[in-house]
Each structure stands twice: as C-alpha cells, then as structure tokens.
Amino acid sequence: MKRRDFITKTTAATALLTMSDLALLASEKNQKRHITILHTNDVHSHIDAFNANHPRYPNLGGAAKRAAYINSVRNENPNLLLLDAGDMFQGTPYFNYFGGELEFKLMNMMQYDAATIGNHEFDNGIDGLLKQIPNAQFDLLSANYDFSNTVLNSFVKPYKVFKMDGVKIGVFGLGVKLEGLVDKKMYKETVYLNPLEIAQDMTRILKNEEKCDLIICLSHLGYYYKATPETISDLNLAAKTKDIDLIIGGHTHTFLPKPTLVKNLDDKNMLVNQVGWSGINMGRIDFYLEPQKATTHQAERIIIV
C-alpha cells in the first residue's frame with residue numbers, strides 16, 4: 001500500500017471511530033439516570049432487633065436485617081448512596097462497652113458512604129470520637145462545626161462529592177448547637193457556626209464550583225420545634241435556602257411516612273425526610289435525572305422487619 005493511500009484510509013477510519021465514539025457519548029449524555037439514596041438517623045447503637053415482647057417495636061430493626069435490605073437494593077441498583085444523619089452512638093450497652101467501634105465497623109460492612117456528627121457522638125468526649133474515627137471507612141461530614149482548635153481538625157470534612165453513573169452528588173453535613181445540650185468539656189473548643197449561613201455557602205460551592213447535579217444536606221438540626229419555631233430546623237432551613245434537593249434529618253426522632261415538600265427561596269420543592277430512631281426504619285428516595293427535563297423522585301419509608 002502506498003503511504004498516501006495508507007494515510008487517507010487511516011484518517012477515514014479514525015474519523016469513523018471518532019464519530020462512533022461521539023455518538024456513543026451523546027447517547028450516554030441523553031440517557032436517563034437513576035440514583036438511589038438510602039438513609040438512617042439516630043440509630044443510637046441499636047445493633048440488635050427489638051425483642052418480641054417490646055410494646056411498640058416487636059422484632060423490628062437490627063443491623064443484620066438492615067444490611068440484608070441494603071444488599072437487596074444495591075443488587076437492584078448499584079448507583080446507591082448510603083447516608084446517616086447522626087447519633088450513631090449511645091443507647092445500648094454496645095456503646096458503653098465498645099465506645100462506638102462496633103457501630104462504625106458494622107456501618108463499614110453495610111458500605112455507608114458518609115455520615116454527619118450528632119450530639120451523642122460527643123458522649124465519650126471529642127477524644128473518644130477521635131479514637132473511633134480510624135474504625136470508620138466512610139467520611140464524617142460537618143460544615144458548621146469548626147474543629148480548627150481541636151484534635152478533630154482535618155479528620156472531619158465539610159462536604160464530599162460523589163460521582164455515580166455520570167451524576168455528581170454533593171453531600172454536606174450540619175450539626176445542632178452544642179451549647180446547653182452537651183457538656184462543654186466534651187466538645188472543648190469546637191465552634192458552632194450558623195447553619196443557615198453555612199448551608200448557603202455549601203450550596204454555592206457545590207452547585208457553582210463543583211457543578212453538582214444533586215445536593216444533599218445531612219442535618220442533625222431537628223425537623224421542627226413547635227414551641228420555638230424560630231430555632232433553626234430542617235423545615236425553616238429548607239424554606240430559607242435554595243439549590244438543596246434533599247435534607248436528610250435527625251435529632252428529633254421524627255417518624256415521617258414520606259418526605260415533606262417545602263418551597264425554598266426560589267419557590268421550588270425541596271425534600272425533607274427523617275425516619276425516626278433506633279434503625280427500625282430506613283428512608284429510600286430514588287432520583288431520576290434526564291437531560292432537559294426536571295429531576296423527578298420516588299420516596300418510601302422502609303420498615304426493617
């Protein structure tokens with residue numbers, strides 16, 4: 001073959017390959033994406049299921065049954081993000097004896113992706129939490145606890161970006177005010193920052209700088225405080241911010257049959273969800289993203305039986 005013919009044919013083949021690749025990329029770009037979010041909150045060291053004689057929750061919950069459910073959903077959709085909204089610690093002798101080690105190691109086995117820090121994570125002091133962090137193979141996220149002058153500095157991130165099936169998901173954490181709730185000697189020089197201001201900053205970073213398609217807030221602020229409605233909570237956080245798609249809440253042990261829809265600053269729907277306490281429920285939210293169309297979702301509360 002003459003060199004000129006070889007170059008011409010090679011160039012044509014390259015062009016054909018490039019067009020084929022572009023067509024494939026275009027097809028993938030226009031494809032509908034399905035992301036599943038599973039979440040827990042306020043599990044409070046409930047490793048075992050409630051016993052059969054419990055007056056309210058007989059045989060419900062337990063780490064083994066939760067793990068089985070998570071595995072079944074992961075087999076159904078590998079594009080799964082598993083999250084916790086805090087207070088993983090305290091509530092059974094497992095915490096008294098192991099100090100949080102067992103809770104973290106079981107969460108590793110379930111392949112949790114991230115969790116925020118609840119007030120009960122300080123029950124063995126900030127040094128006790130630091131001792132357990134090496135046992136967690138997932139990220140602890142908290143944007144409004146400034147740990148700069150504590151032993152936790154550099155061990156806790158404000159946010160993390162996950163990429164699944166071409167979808168960028170930004171997750172950040174918010175914690176409840178510790179003063180008056182937790183003994184000062186337990187959290188030491190941790191500085192509480194205004195969660196509303198921090199949420200606005202996080203969403204700006206995640207949307208404009210990180211270019212996230214979905215933004216999730218892991219909140220341990222509490223769902224709502226009827227007696228003190230001005231107290232920052234998930235509901236008024238949702239109403240006073242924008243660009244958050246989902247607030248996964250904790251702290252108030254609120255059982256919601258389905259997520260609450262709240263109009264945000266842009267008059268768009270924001271989802272707020274919380275699934276009680278002790279691990280007897282899991283939240284499941286399926287997001288469907290399609291180019292040029294609004295993101296849709298399906299949500300349900302799963303009872304762990």
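The values are calculated or read from the model by the stated rules, or taken from the named source; none is laboratory data. These numbers come from a predicted model, not from an experiment. Reconstructed Cβ throughout: ideal geometry from the backbone, glycine too, with neighbour counts over all protein chains shown.
Annotations for the structure displayed:
- Evaluated against (1) outside any loop (DSSP other than H, G, I, E, B); (2) more than 30 Å from Phe50 (Cβ to Cβ); (3) without any contact (Cβ under 8 Å) to a residue 40 or more places away in the chain; (4) in contact with a Ser or Thr (Cβ under 8 Å, 6 or more places away or on another chain), Val262 falls short on exactly one condition, (4).
- Meets criteria (under 17 Å from the mean Cα position of the chain (by Cα) and either over 22 Å from Ala115 (Cβ atoms) or outside the structural domain of Phe162 (by TED's automatic domain parsing) (or both)) for Lys207: yes
- Filtered residues of segment 140-158 (kept if surrounded by fewer than 19 Cβ atoms within 10 Å (Cβ to Cβ) and not in a loop (DSSP other than H, G, I, E, B)): Asp146, Lys157
- Number of positions in segment 195-206 that are within 27 Å of Gly128 (Cβ to Cβ) and either in contact with a helix residue (DSSP H, G or I) (Cβ under 7 Å, 6 or more places away or on another chain) or surrounded by fewer than 15 Cβ atoms within 10 Å (Cβ to Cβ) (or both): 1
- Residue count, segment 249-261 (criterion: farther than 17 Å from Glu300 by Cα and β-branched (Val, Ile, Thr)): 1
- Residue within segment 259-272 that is modelled with pLDDT of 95 or more, of a type outside the set (A, V, I, L, M, F, W, C) and under 20 Å from His44 (Cα atoms) present: no
- 2 or more residues modelled with pLDDT under 95: qualifying helices (runs of 4 or more DSSP H) within segment 1-108: 3-29
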